[in-house]
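This structure is in structure tokens; I'll ask about it shortly.
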Amino acid sequence: MSHNIQEKIEHLRREINRHNDQYYLLDQPDISDMEFDMMLKELQDLEAQYPEYYDDNSPTMRVGGGITKIFPTTAHQFRMYSLDNSYDFNDLEDWEKRIIKTISDPVEFVAELKYDGASISLLYENGKLVQAVTRGDGFQGDEITANVRTIADVPLTLTGDFPKRFFMRGEIFLTRKNFDKINKTRTDEGLDPFMNPRNTASGSLKMQDSSEVRKRRLSAVLYQFVGEETPATSHWELLQKAAGWGFKISDQAALCRNIDEVKEFINYWDTQRHHLPFEIDGIVVKVNHLQQQKQLGYTAKSPRWAMAYKFKAEKAETRLDKVTYQVGRTGAITPVANLQPVLLAGTVVKRASLHNEDIIKKLGLHENDYVYVEKGGEIIPKIVGVNEEKRTADSREIEYIKTCPECGTELIKTEDQAIHFCPNDLHCPPQVVGRMIHYVSRKALNIENLGSETIEQLYREKLVENPADFYALTKEQLLPLERMAEKSAQNIIDGIKKSKEIPFEKVLFGIGIKHVGETVAKKLVKNFASIDELKIATTEELIQVEDIGEKIAESITEFFNNPENILMLERLKSYGVQLEKGASDNEVLSTVLEGKTFLFTGKLSLFTRDAAEEMVEKHGGKNISAVSKNLNYLVVGEKAGSKLKKAQDIGTINILDEQQFLDLIGEPV
Ligand code: AMP
Ligand code: ZN
């Protein structure tokens, strides 16, 4: 029997590792996320049940899934300094002169790429990753170990002859390719794309759900050993050793015998950096010998033995052809500068974003102006100025459009926003498509295989115009579409059919009522059990619901006042889409709380109030809103006030803390 278990565990580990490689390295997942999650859950359960088969290298150590609510602040045992910056070779030579004043022996340098991401400090004890902390202010940072474990480049266990306890520092970053992929998924789901890889990488490290972090496919490179005992005499040697223990160190780092070799390295990467699969913003030069590093020491902010060399943001001058306007999926208008093609940072630039009318005004942009474009950390270059000397006398100032370029409707601009909107959400083509893309997205109806390109094609072919049309699609209609194989067509049809089982709250989110996000949809469903109930709800009734204010209430009433929306809902209903709270939403986990009433008070820390109330319902209990004789249990968090007092006064009410509540329902946290 136990032999079988062990085999099963090992088999699962192998399979999961294989799928992980498929996902990370080859980028061809051959099972769905859900199947993967199920396999993983099975392995996690088995490992919990049979701890004798524990293995540090099990993929369960890597794939995340834990939720971290707060990232504890942790002091750095060794301060994480910043780096002094230099911007040209003069600065660099000055630095060398300062070094020579202190050190008479020849000085070697290590030149490294300056990765543009988020720095991290990893603590290894006995060859195991035990803690990962962000740089923070250099003295203390946030502990994000669970999230860092999901990064494939970070070794969880080391091999070879490593020191017992030490820190490895490095950078977490996103490759351009993975950044683009994240943005593709986001736009497919109707979300705004992220601005640049650096912010996305550091933002990802702070996500609460580590399995979401894993999906971001972050990369890591390690470039600094720090410890009480150092098993080498130079930085270069330490890097090689670290590579031997299993760390991913930079392929591009180079040992330079003198500052001229450093300059060569810089010149090379200044032009070649655009061919790297990730972004760098400069070069870091470090004195190689540790003894010399020690002699040089630190200033208040940075080591004297290291120097960052920042590349100049590249700038080019070119002519503005014209300004065009894009209509986003939410109706937001983005002006775009169409430029005479110009070479910038290794790519040909033809367009630059102008963001909004205010920015155009600030630049004082005229038709056919010569403009300066710059590429900073952002993917899309921006216009940073105008060469007014080259402006012709008759050139007119750019005048912002008044009507939507897609549908001709007059644009609106609200006081508090810099952006113009097209208000024709039901018939403006990009908005129509956007609404359908939102409908099929993962957090809504989750229709897999139906991507934004397919939806755009279907719309162009006049096969779909609103979410209800999906349910009338046939395989025969799909097959003639570009790049549509028999199998994908069948998958789409199956996916659409399956979406009829998606619970009401997700459908409510999916139909895209303005301001009704995921959370609001959930709250609405708690109070209105069907779309028909919601439809007749008055503003007064709506604002009774927690978190729902006038703005949301108004947009809900407006939605239901439109006959086209009503028609769409009728059709969705006729196809069998869940438009009321079904039995499955009231999924019963147990009946242990049957006949019992609950109220939560104070600041809860183990779960949110929503989650708690949901648990009560799923275990057969009932939530009530006030302390009275009818209350059976009061669950108190921190700083509980008058309700607790009242309950104590009544005397018959059971008072529980959060853990006792969990024990009561037998739910693990
Ligand atoms: P700065 O933020 O400009 O003070 O630059 C210091 C930062 O550069 C460090 O906190 C690291 O995150 C980052 N960095 C990137 N690559 C390297 C590298 N090869 N060596 C040291 N620091 C690096
Ligand atoms: Zn429009």
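Rounded to the nearest 20 Debye, what is the dipole magnitude of the chain about its Cα centre when Lys and Arg each give +1 and Asp and Glu each give -1 at the C-beta?
Using only the charged Cβ atoms, the result is roughly 780 debye.
Let me ask you something else. Could you work out [θ]222 nm for the chain from helices alone, using -39500 (n - 2.57) per DSSP H run of at least four and dividing by all its residues? Round to the nearest 500 deg cm²/dmol.
Mean residue ellipticity, 222 nm, calculated: -10500 deg cm²/dmol.
In addition: How do the peptides 634-643, 442-451 rank, highest first, by the average count of neighbouring beta carbon atoms within 10 Å per residue?
On the way: 634-643: 16.0, 442-451: 19.6.
Result, highest mean first: 442-451, 634-643.
Another question, then. Length gain on complete extension for the stretch residue 642 to residue 185, per 0.36 nm per residue less the alpha carbon to alpha carbon distance?
Working: separation 457, 0.36 × 457 = 164.52 nm, distance 4.73 nm.
Between residue 642 and residue 185, full extension yields an extra 159.8 nm.
Could you work out how much longer the chain between residue 491 and residue 322 gets when fully extended? Use 0.36 nm per residue separation minus the Cα distance between them, nm to one decimal. Walk me through the numbers on the way to the answer.
On the way: separation 169, 0.36 × 169 = 60.84 nm, distance 4.29 nm.
Fully extending the segment from residue 491 to residue 322 adds 56.5 nm.
Oh, and also: Assigning unit charges at the beta carbon (Lys, Arg +1; Asp, Glu -1) and nothing else, what dipole magnitude in debye, to the nearest 20, does segment 184-340 show about its Cα centre?
The dipole of segment 184-340 has a size of about 240 debye.
Another question, then. Tell me the label-point distance for the pair residue 536, residue 18, using the 7 Å Cα-to-Cβ offset, in nm and rounded to one decimal.
Placing both labels 7 Å beyond Cα along the Cβ direction yields 5.8 nm.
Given Cβ point charges of +1 (Lys, Arg) and -1 (Asp, Glu) and nothing else, what value in debye, to the nearest 20, does the dipole of segment 597-665 about its Cα centre take?
Details: 9 positive and 9 negative charges, 66 e Å.
Taking the Cα centre of segment 597-665 as origin, the dipole is about 320 debye.
May I ask you to sort 307, 207, 195 by Cβ crowding, counting other Cβ atoms within 10 Å and putting the fewest first?
On the way: 307 26, 207 18, 195 13.
Arranged by neighbour count, lowest to highest, 307, 207, 195 become 195, 207, 307.
Within the set of other residues whose C-beta is less than 13 Å from the C-beta of residue 49, count the net charge using Lys and Arg as +1 and Asp and Glu as -1.
Details: positive: 8, 41; negative: 42, 45, 47, 52.
Local charge sum for residue 49: -2.
Moving to a separate point now. Between residue 622 and residue 45, what is the label-point separation in nm under the 7 Å Cα-to-beta-carbon projection?
If labels sit at residue 45 and residue 622, their model points lie 3.4 nm apart.
With a Förster radius of 30 Å, plug the Cβ-Cβ distance of residue 596 and residue 519 into 1/(1 + (r/R0)^6) and report the FRET value to the nearest 0.05. Working shown, then result.
Values: r = 27 Å, r/R0 = 0.89.
Given R0 = 30 Å and the Cβ-Cβ separation, E is 0.65.
Taking other Cβ within 10 Å of each residue's Cβ, how do 540, 554 sort, fewest first?
Details: 540 8, 554 15.
By the 10 Å Cβ count, ascending, the order reads 540, 554.
Round to a whole angstrom and tell me the spacing of the C-alpha centers of segment 181-213 and segment 123-154.
Cα centroid of segment 181-213 versus Cα centroid of segment 123-154: 20 Å apart.
What cysteines in the chain have no other cysteine with a beta carbon less than 4.7 Å from their beta carbon?
256 - these cysteines have no disulfide-compatible partner (Cβ-Cβ under 4.7 Å) in the chain.
Tally the DSSP beta bridges in segment 597-665 and give the antiparallel ones as a percent, rounded to 5.
Around 10 percent antiparallel, to the nearest 5.
Let me ask something else about it. What value does segment 2-63 have for Rg/Rh, both radii from Cα atoms and Rh as Kirkwood defines it? Spell out each step's value before the answer.
Values: Rg = 11.7 Å, Rh = 11.9 Å.
Taking Rh as the inverse mean 1/r over Cα pairs, Rg/Rh reads 0.98.
Using the Kirkwood formula over every pair of different C-alpha atoms, what hydrodynamic radius in Å results for the chain? List each step's numbers first, then the result.
Values: mean 1/r = 0.0338 Å⁻¹.
Computed over the chain, the radius equals 29.6 Å.
For segment 452-562, what Kirkwood radius comes out of the mean inverse Cα-Cα distance, in Å? Present the calculation step by step, with values, prior to reporting the outcome.
On the way: mean 1/r = 0.0631 Å⁻¹.
Across segment 452-562, the inverse of the average 1/r is 15.9 Å.
Throughout, read-outs are computed from the coordinates displayed, never taken from laboratory work. Predicted model, so just to flag it, every value in this text is computed and none were measured. Neighbour counts are summed over all protein chains in view; Cβ atoms, including those assigned to glycine, are modelled from backbone coordinates with ideal geometry.
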